[in-house]
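Q: Provided herewith is a single structure, encoded as structure tokens, for subsequent inquiry.
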Amino acid sequence: MDDNKLYNALLKSQDERRDRGEAKSEENFRKERPYAGIERNKPTMNRLEADGRRYPPTLYDSSVSLALIGNPTPWSREQLRERKIIYSGMADKEVMDAYRELRIQLRNRAGEGNFTVMFSSLGNNSGGLLTAYNLAASFALDSHTSALLVDCDTHNNELAGLVSCRMNAGVTDFVGDRSMDIKSILYPSGVERLSVIPAGTQASSAVELFSSVRMRELITELKARYPDRCIVLNAPPLRENTEARILERFADQIIFGVPFGEVTGEVIADSVDTFGSDKFSGLIFQE
């Protein structure tokens with residue numbers, strides 16, 4: 001069977017199962033369904049049957065694969081506006097264009113394939129999560145790209161107010177318990193093609209957990225799941241915690257948030273010097 005016939009058969013099979021509400025994950029497409037806390041039927045076929053034989057799916061098409069990322073309770077435009085989450089067609093075009101430009105610059109710097117961006121505020125308090133969330137959402141707006149926000153700031157629970165489903169376990173729980181699998185900490189966000197992982201419940205041991213081999217394995221696996229994904233790591237404020245310096249090793253690029261009136265030029269320069277210029281990609285000035 002040639003590749004074109006195989007691919008068409010795969011699309012037909014997926015369409016039929018999606019129409020029945022039974023769209024399943026194929027191994028090579030590496031879907032994130034089911035999410036944590038959302039019951040799904042167990043797959044009855046994980047290979048494509050054709051001409052009496054079984055064939056593994058060998059072709060990756062983002063328009064097919066990304067369309068299967070679950071978003072069971074999407075936010076409405078009004079709900080997005082209330083939470084200050086960006087969306088296509090929003091009234092504040094200046095803000096939308098700023099995130100689009102940031103997305104373009106990060107993508108150009110990264111080149112082809114997926115990559116990881118760490119965001120950390122240079123302010124004295126937590127409060128940069130919304131910026132990190134919107135940064136991830138800007139990538140999810142591209143229909144050929146998926147995004148994943150991994151919240152690594154165990155000192156606040158702001159993410160719960162930005163996600164349309166209830167969350168439980170997160171990063172620190174997964175890293176601390178080898179019996180857990182990744183799907184148990186992945187949640188739909190309410191935004192198409194954007195998934196989230198909360199920080200978890202083990203705040204007191206976050207430094208040791210983020211330094212572990214298990215944490216490296218987590219990030220490696222998350223990057224491998226989609227070849228066109230952007231992962232945003234939301235780190236605690238750089239000047240207030242040590243976690244950001246540990247998380248830097250998992251990032252391909254680094255962005256600092258600069259709260260209005262809180263940070264001097266000297267602080268910015270010192271922060272950039274801390275990580276060097278290879279990974280530093282820019283600043284986001286926050287009102």
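Q: Identify the residue in region 250-287 that is among the polar types (S, T, N, Q) and closer than 17 Å to Asn108 by Cβ and, among all such residues, is farthest from the chain's Cα centre (by Cα).
A: Ser277
Q: Just one of Gly176, Gly161 is closer than 20 Å to Glu78 by Cβ, out of contact with any Pro (no Cβ under 7 Å at 6 or more places or on another chain) and of a type outside the set (Ser, Thr, Tyr); which is it?
A: From the options Gly176, Gly161, the qualifying one is Gly161.
Q: If we keep just the residues of region 220-245 that are in contact with a Leu (Cβ under 8 Å, 6 or more places away or on another chain), surrounded by 18 or more Cβ atoms within 10 Å (Cβ to Cβ) and part of a helix (DSSP H, G or I), which is modelled with the lowest pLDDT?
A: Ala244
Q: Where the second residue is of a type in the set (Val, Ile, Thr) and in a loop (DSSP other than H, G, I, E, B) and the first is in the same structural domain as Glu243 (by TED's automatic domain parsing) and lies in region 149-165, which pairs have Cβ atoms under 7 Å and are six or more apart or on separate chains?
A: Once the first residue is in the same structural domain as Glu243 (by TED's automatic domain parsing) and sits in region 149-165, its partners that are of a type in the set (Val, Ile, Thr) and in a loop (DSSP other than H, G, I, E, B) give Leu162/Ile85; Ser164/Thr73; Cys165/Thr73.
Q: Right, something else. Are there any pairs, at least 6 apart or on different chains, whose C-beta atoms fall under 8 Å, with the first in region 266-280 and closer than 12 Å to Gln253 by Cβ and the second assigned to a helix (DSSP H, G or I), and if so, which?
A: Phe275/Glu248; Lys279/Glu248; Phe280/Val272
Q: Checking the conditions here, which among Gly200, Gly170 is surrounded by 14 or more Cβ atoms within 10 Å (Cβ to Cβ), more than 28 Å from Leu102 (Cα to Cα) and of a type in the set (Gly, Ala, Ser)?
A: Sole residue among the options that is surrounded by 14 or more Cβ atoms within 10 Å (Cβ to Cβ), more than 28 Å from Leu102 (Cα to Cα) and of a type in the set (Gly, Ala, Ser): Gly200.
Q: I'd like the full set of residues that are touching a residue at least 60 places away in the same chain (Cβ under 8 Å) and of a type outside the set (Gly, Ala, Ser), limited to region 166-181.
A: Arg166, Met167, Asn168
Q: Still on this structure: Just wondering, is there one or more residues in region 254-270 that are among the hydroxyl-bearing types (Ser, Thr, Tyr), in the same structural domain as Leu102 (by TED's automatic domain parsing), part of a loop (DSSP other than H, G, I, E, B) and crowded, with 16+ Cβ neighbours inside 10 Å?
A: Among the residues of region 254-270, not one is among the hydroxyl-bearing types (Ser, Thr, Tyr), in the same structural domain as Leu102 (by TED's automatic domain parsing), part of a loop (DSSP other than H, G, I, E, B) and crowded, with 16+ Cβ neighbours inside 10 Å, which makes the answer no.
Q: To continue, here is another question. Identify, please: which residue in region 110-130 is hydroxyl-bearing (Ser, Thr, Tyr) and crowded, with 20+ Cβ neighbours inside 10 Å and is, among those, modelled with the highest pLDDT?
A: Filtering region 110-130 for residues that are hydroxyl-bearing (Ser, Thr, Tyr) and crowded, with 20+ Cβ neighbours inside 10 Å, the one modelled with the highest pLDDT comes out as Thr116.
Q: While we're on this one: Looking at Glu112, Glu94, Glu101, which is the one that is farther than 28 Å from Asn156 by Cα, assigned to a loop (DSSP other than H, G, I, E, B) and not hydroxyl-bearing (Ser, Thr, Tyr)?
A: Being farther than 28 Å from Asn156 by Cα, assigned to a loop (DSSP other than H, G, I, E, B) and not hydroxyl-bearing (Ser, Thr, Tyr) holds for just one of Glu112, Glu94, Glu101, which is Glu112.
Q: Quick one: would you say Val150 is in a strand (DSSP E or B) and of a type outside the set (Ser, Thr, Tyr)?
A: Here the answer is yes, as Val150 does meet what is asked.
Q: Continuing with this model, one more query. Consider Ser143 carefully, then state whether it is of a type in the set (S, T, N, Q), within 26 Å of Pro227 (Cβ to Cβ), in a helix (DSSP H, G or I) and in the same structural domain as Ser184 (by TED's automatic domain parsing).
A: No.
Q: Could you identify the single residue in Phe280, Phe250 that is in contact with a Ser or Thr (Cβ under 8 Å, 6 or more places away or on another chain), modelled with pLDDT of 85 or more, assigned by TED's automatic domain parsing to the domain that holds Ser204 and farther than 21 Å from Lys84 by Cα?
A: Phe250
The values are calculated or read from the model by the stated rules, or taken from the named source; none is laboratory data. Since the model is a prediction, treat every value here as computed from it, not as a measurement. FYI the Cβ positions are ideal-geometry reconstructions off the backbone, even for glycines, and counts take in every protein chain you see.
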